[in-house]
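Peer 1: Just dropping this structure here.
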Amino acid sequence: MNMADDTKVTAETRTQFGKGFARRVRAAGKIPAVIYGHGTEPQHITLPGHQTALILRKSNQVLELTIDGVESLALVKDVQKDPVLQIIEHIDLIVIRKGEKVQVEVNVHLEGESAPGTMATQDSQTVLLEVEAIHIPESVTVSIEGLEDGAVVRASDIELPAGATLITDEETVIVGVSIPEEEPTDEPAEGEGAAESVSPAPDAE
């Protein structure tokens, strides 16, 4: 992920806390957040709600924050949402510096189709990578094109972006290919058995 203008956010410092204040902040179209890192005291801020929500459509975003005229970089670490309304309630950010490396979970995207008659099962949806903080990939790609029954792709098989280091155990299974087992179709047999068990009605005469 390269830094772009759409990740530049002007934040405001806040000195009030509590659920009541947080509700008022959200009602005003803003999101309460806190920034940690590099031995500094946690800094409490509010972020513009709509702009921030758009940015957070992608994972592992780095924000270029301007707070009281001071610019800094912060990685989105945790987003708390209302479980029902899916409204962003609070965001945790970590201060980062250019050139610094961070560990992040990155989505694994499957590409291609396995051999005819086989099925690919993805066991791991993400891998943990160590990457430069301002160049976090949105995802990594694993090709399953033409893989036969019994094929296994492990974390060590993933082609990583330049400068990235795999933290996930190399032996972690990402995807396995197999031939689906046919489920026994015993319904006709049951139907036949049921038909056989029905005796004809005795003759009334």
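Peer 1: Per residue of the chain, what 222 nm ellipticity follows from adding -39500 (n - 2.57) for every DSSP H run with n ≥ 4, rounded to the nearest 500?
Peer 2: Working: 3 runs with 27 residues, N = 205.
That comes out to -3500 deg cm²/dmol.
Peer 1: Please work out the Cα center distance from segment 38-108 to segment 158-180, rounded to the nearest Å.
Peer 2: Value for the Cα centre distance between the two parts: 27 Å.
Peer 1: Give the percent of DSSP beta bridges with both residues in the chain that are antiparallel, rounded to the nearest 5.
Peer 2: Values: 38 of 51 bridges.
Expressed as a percentage, antiparallel bridges in the chain total about 75.
Peer 1: Tell me, what is the FRET efficiency for Ile67 and Arg24 to the nearest 0.05, using R0 = 22 angstrom and their Cβ-Cβ distance as r?
Peer 2: Numbers: r = 20 Å, r/R0 = 0.91.
The formula returns an efficiency of 0.65 here.
Peer 1: Can I ask one more? Over the chain, average the accessible area per residue using a 1.4 Å probe and give it in Å², no decimals.
Peer 2: Numbers: 13010 Å² over 205 residues.
With all protein chains present, the chain gives 63 Å² per residue.
Peer 1: Run the reach check for Lys58 against lysines, Cα to Cα strictly under 26 Å, same-chain hits fewer than 8 apart removed. What comes back?
Peer 2: Candidates past the 8-residue exclusion: Lys8, Lys30, Lys77, Lys81, Lys98, Lys101.
Peer 1: OK, next. Report the accessible area of Arg24, computed with a 1.4 Å probe over the heavy atoms of all protein chains in place, in Å² rounded to the nearest 10.
Peer 2: Accessible surface of Arg24 is approximately 140 Å².
Peer 1: A further question on this structure: Using a Förster distance of 41 Å, how high is the FRET efficiency between Ser143 and His90, based on the Cβ-Cβ distance and rounded to 0.05?
Peer 2: For Ser143 and His90, the calculated efficiency is 0.60.
Peer 1: Now a separate question. What are the radius of gyration and Dmax of the chain, computed over its Cα atoms and given in Å?
Peer 2: Radius of gyration, then largest Cα-Cα span, for the chain: 26.9, 105 Å.
Peer 1: State the percentage of accessible surface on the chain attributable to carbon and sulfur atoms; use a 1.4 Å probe and exclude ligands, DNA and RNA.
Peer 2: Details: 6370 of 13010 Å².
For the chain, the apolar C and S fraction of the accessible surface comes to 49 percent.
Peer 1: Stick to Cα atoms and the Kirkwood definition of Rh, then tell me Rg/Rh for segment 1-80. If you can, show how the numbers build up before the last one.
Peer 2: Values: Rg = 12.4 Å, Rh = 13.2 Å.
My calculation puts Rg/Rh at 0.94.
Peer 1: Of the candidates Val106, Val79, Val142, which one comes out as most mobile in a Gaussian network treatment of the chain with C-alpha springs shorter than 10 Å?
Peer 2: Highest fluctuation of the listed residues: Val79.
Peer 1: For the chain, with a Gaussian network of springs between Cα atoms less than 10 Å apart, report the residue from Thr118, Thr172, Thr15 with the top mean-square fluctuation.
Peer 2: The residue with the greatest mean-square fluctuation here is Thr15.
Peer 1: For segment 7-67, what is the percent of antiparallel DSSP beta bridges, rounded to the nearest 5? Don't jump to the answer; show the numbers that get you there.
Peer 2: Values: 8 of 12 bridges.
Roughly 65 percent of the beta bridges in segment 7-67 run antiparallel, per DSSP.
The values are calculated or read from the model by the stated rules, or taken from the named source; none is laboratory data. Only a predicted model underlies this, so the values are computations on that prediction, with no experimental measurement involved. Every residue, glycine as well, gets a Cβ built from its backbone with ideal geometry; the counts of neighbours run over all protein chains shown. Note: areas computed on protein heavy atoms with side chains; ligands, DNA, RNA excluded. Shrake-Rupley method; radii C 1.70, N 1.55, O 1.52, S 1.80 Å.
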